[in-house]
Amino acid sequence: MAHFIDRRLNGKNKSAVNRQRFIRRYKQQIKQAVSDAISKRSVTDLSSGESISIPARDISEPLFHQGKGGKRERVHPGNDQFSEGDRIPRPQSEGAGSGKGDASQDGEGNDDFVFAISKDEYLDLLFEDLALPDLKHNQLDKLVQYKNVRAGYRAEGVPANIDIVRSLRGSLARRVAMSSEKKRQLRQAEQQLAELEQLAVPDELLRRALTKHITELKQKIAAVPFIDSFDLRFRNYQKRPEPTSKAVMFCLMDVSGSMDQATKEMAKRFYILLYLFLSRTYKNVEVVYIRHHTQAKEVDEQEFFYSQETGGTIVSSALKLMLEIVQQRYNPQEWNIYAAQASDGDNWAEDSAPCAKLLAEQLLPLLRYYAYIEITPRAHQSLWEQYQQLLANHPNLAIQHIREISDIYPVFRELFKKQAA
Amino acid sequence: MSSIAFNMGSCLSDSPDWSFDLLHDYQQQIARVAALYKLDTYPNQIEVITAEQMMDAYSSIGMPLGYHHWSYGKKFIQTEQHYKRGYMGLAYEIVINANPCIAYLMEENTLPMQALVIAHACYGHNSFFKNNYLFRTWTDASSIIDYLVFAKNYVSRCEEKYGVATVEDFLDSCHALMNYGVDRYKRPQKISMEEEQKRQEEREAFLQSQVNELWRTVPGKAQVATTSNIFPAEPQENILYFIEKHAPLLQPWQRELVRIVRKIAQYFYPQKQTQVMNEGWATFWHYTLLHHLYTEGRLSDRFMLEILHSHTNVVLQPEYNSKFYSGINPYALGFAMFSDLRRICEQPTAEDKVWFPDLVGSNWLDTLHFAMQNFKDESFISQYLSPKVIRDFRLFAITDDSKEASLEVAAIHNAEGYQQIRQRLSAQYNLSQLEPNIQVQQVNINTDRALTLRYIPHNGIPLGGNIKEVMRHLHRLWGFEVRLEQQSSEGNISILASCSELS
């Protein structure tokens, strides 16, 4: 006896709970792996998950089993050369010698335990404890668009908004209310008249009175208007504030001769993080790349990261260009504007003060957040010092110093860490 | 030839794609033939599942439903990873020792594979589960699903009450000692779901009172320091059972969790002891049943070729120096031994008459059924491994003594070596020699309540694994100091590890 069951339509994620428990249990290790991985990522795989590796010893389940040594007797197949009593050198890389037994128990090698987490899991882990800077405060403040939404009905309005069904329903109700009493009287009078006419000798006087009464009632009923301005109903609209989901991210980078490719790669990783981070919060994030040496220019991603330029450095040129672009294309009332500037700290000495002034007076009031990262193993120069002076009065400005690749993630976390309430 | 009749018939469809109608046809034919060979089975419940679902089934170690635990998640991730990278194919089937017997067929299999799997799992393994003495004694196929449901619900109730982390940590500790949660000699009791639930409540109350009795701090008047000071009176091999009954500090729910882990370990214990026989038996029958159908003209040539192709892969035994070698393939050895048993009955040689005088000329079917019913791997090999199989596998025995610089070939497939090889191969499947022998030795009930386990090495093999970690888990269960001592072959006792506080 047998019967078949098609289980294919059942949920396939029977192990989902167990998988989540595993990830929760090893969160610390996995997070470490995630932050290590970011430095190996490239711009092109923004949307993929990540392969995570955890040292196998951290997750092994301890058990008693037989150790190495002692006297073991094993039987093997395929004898092709041995005779009884032969002595053979001990193979070097012999394992525990356990051919049988549960693979799951003996399967703890020294290799790392490698597995893939999905994009969402990856990003959640990466951005856990991070929050968009000051978002709440600003949302209430101004970053609001209004959207018309339906909100019931009202008795006044423009003809274009008349709701016909509602209006006719009102009309019907009014007509019923205004004529039902008269209709009842009419039926009564008609019945009396009919009864009167049944009699052999009808009372002519009464008959006339009734007929007149009936005629009057009919006129009154007919006089109830089919539709009245009282019946009209108009669709009502309200303006509802909606936080905008648009964001633009400005990437500013110094491409003068002093910025080598390695420095640019580091800056790139920082931008990747920022982009990932913003795209978690906003539905569409636009990116504007501005590169500068002595002059600033808006470019595409490829050119931004990979084309080589030489020359001096005037940072304010980039800031000016950014301000222009904001004014032309990104109305600060509608757009959440973020900017990240990467530089090796070089600037034409006389330019640093105007930079700080431009930033403080014109740009910062328009921006959600401005992050300046200085990628250099050397001491800070004038630009850093100028920016530093602005920090006190501008909570949406942050500056950080990156020395090597592994600094990027901690610095990023530092910049965007959840602000204590 | 025996009395098996061939009932010639028309060829069944041999399209590569399966459908439920076709599966049904094949199932009926296989069932008909299986009855001819007296295969006695539980009713079959055949479930078609996807590859993902197969991975789920894998990671829950073949249990159709299990309580939640991170280690199953780990297994799932491992399986998924290996499968995705092509390191391993998934098994074609998983079969569960339950009544009705649940077999999973994978959607991706071709029709010939499905037929093979039905013969292998639903008639081979199934009849083994129903008739082998170990399974009959140790497991109760009709209640296992109910028990697993009970266990799952109980664990999740505990999680609600005491927190997921608490329960998980506790289960970790139980899992670390799972191999020592098995009764090797005592006969387990069979009870149904309702009884289990009813008893569980009584047990909670009763157990606690027993424990309180044992750990009473005020000594009774008549307590003289004689035999009563040695507790337990005899060493206990079932460590989890001992903890469930006697650990001083456990809450009733914790005792129940220990019991659940121990019960599940017990359920799987026979499977560990009968790998070669179980797989050999199932392989022998898919081979025999499908050949029977082929002889009757019901399977087409191309259908049979695909089946034989898979069959050959399954029974492949790589040689010791092959890079694919990972010990003896239980499918290959088991299949060879059952096939050889049949040969001995039907076409005995002069050698067989010396080695198996009782078998020569007996009814092969009865002999095979008898062998399947009354043995486990260890005894099966020591009873039935024939010189021919030893020669076919070219088996040789190696002695690896860590005191010697080199290995010694102790025996090869020649007249002088057959007995030796048979004996050593049998020992190789003796679980009590494979798992370290660790037993509860003593509890200081009147002093510091310390629990002492004793490891008795076999052949001087030291204890391996993460001993310290396991001891910490044991400490969590016991609640007081735990010690592990080792008894050397000369009888000297030395302390291997101890754990007195959770750090």
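General observations
- Helix B:330-346 axis, angle to chain B major axis (alpha carbon atoms, nearest 10°): 50 degrees
- Three-way shape call for region B:435-499 based on the alpha-carbon gyration tensor, with the a/c threshold at 1.5: oblate
- Relative to the longest principal axis of the Cα atoms of chain B, helix B:364-374 runs at roughly 10 degrees.
- Zone residues, region B:285-315, relative to B:Phe6, backbone N less than 16 Å from point 7 Å out along Cα-to-Cβ: B:288-301, B:304
- Sorted by Cβ density within 10 Å, fewest first, the residues B:His120, A:His401: A:His401, B:His120
- Summarising the amide proton neighbourhood of A:Ile375: residues at separation of 5 or more, or on other chains, whose placed amide H is nearer than 5 Å comprise A:Ser343, A:Asp344, A:Gly345, A:Ile402.
- 3J(HN,Hα) from dihedral phi, region A:184-200, Karplus parametrisation 6.51/-1.76/1.60, rounded to Hz, x for glycine, proline: 5, 4, 4, 4, 4, 5, 5, 5, 4, 4, 4, 4, 4, 6, 6, 5, 5
- Residues listed by number, region A:213-252, amide nitrogen under 16 Å from A:Leu172 label point at 7 Å toward C-beta: A:226-228, A:231-233
- Contact order, relative form, for chain B: 16 percent (alpha carbon pairs under 8 Å, 6 or more residues apart, mean separation divided by residue count).
- GluC sites (Glu not before Pro) restricted to DSSP loop in region A:308-379 with at most 14 other C-beta within 10 Å: A:Glu334
- Averaged over B:398-411, number of beta-carbon atoms from partner chains that fall within 10 Å: 6
- With respect to chain B, whose longest principal axis is taken over its alpha-carbon atoms, helix B:301-314 is tilted by about 30°.
- Helix content alone sets the calculated 222 nm mean residue ellipticity of the protein assembly as shown: runs of n ≥ 4 DSSP H residues at -39500 (n - 2.57) each, divided across all residues, give -14000 deg cm²/dmol.
- Across peptide B:37-48, the average count of Cβ atoms from other chains found within 10 Å of a residue's Cβ is 3.
- Loop sites here are GluC sites (Glu not before Pro) outside DSSP states H, G, I, E and B with no more than 14 other Cβ atoms within 10 Å. The longest part of chain B free of them is B:109-318.
- FRET efficiency estimate (nearest 0.05) - Cβ-Cβ, A:Arg240 to B:Glu108, R0 60 angstrom: 0.70
- Shown for B:Ser488, A:Ser15, B:Ser498: other C-beta atoms within 10 Å of each C-beta, ranked fewest to most, produce the order B:Ser488, B:Ser498, A:Ser15.
- Loop trypsin sites (Lys or Arg not before Pro), region B:40-140, which have at most 14 other Cβ atoms in a 10 Å radius of their Cβ (DSSP): B:Arg85
- Neighbour-count order for B:Val164, A:Val315, fewest beta carbons within 10 angstrom listed first: B:Val164, A:Val315
- Under 5 Å, built H, 5+ apart or other chain: amide partners of B:Glu485: B:Leu453, B:Arg454, B:Tyr455, B:Leu496
- Those trypsin sites (Lys or Arg not before Pro) in region B:309-368 that DSSP places in a loop and that have at most 10 other beta carbons within 10 Å: B:Lys323
Computed from the coordinates by the stated procedures, all read-outs in this text should not be read as laboratory data. Treat the numbers as computed from the prediction; the structure is a model and nothing was measured. Backbone-built Cβ (ideal geometry, glycine too); neighbour counts: all protein chains shown.
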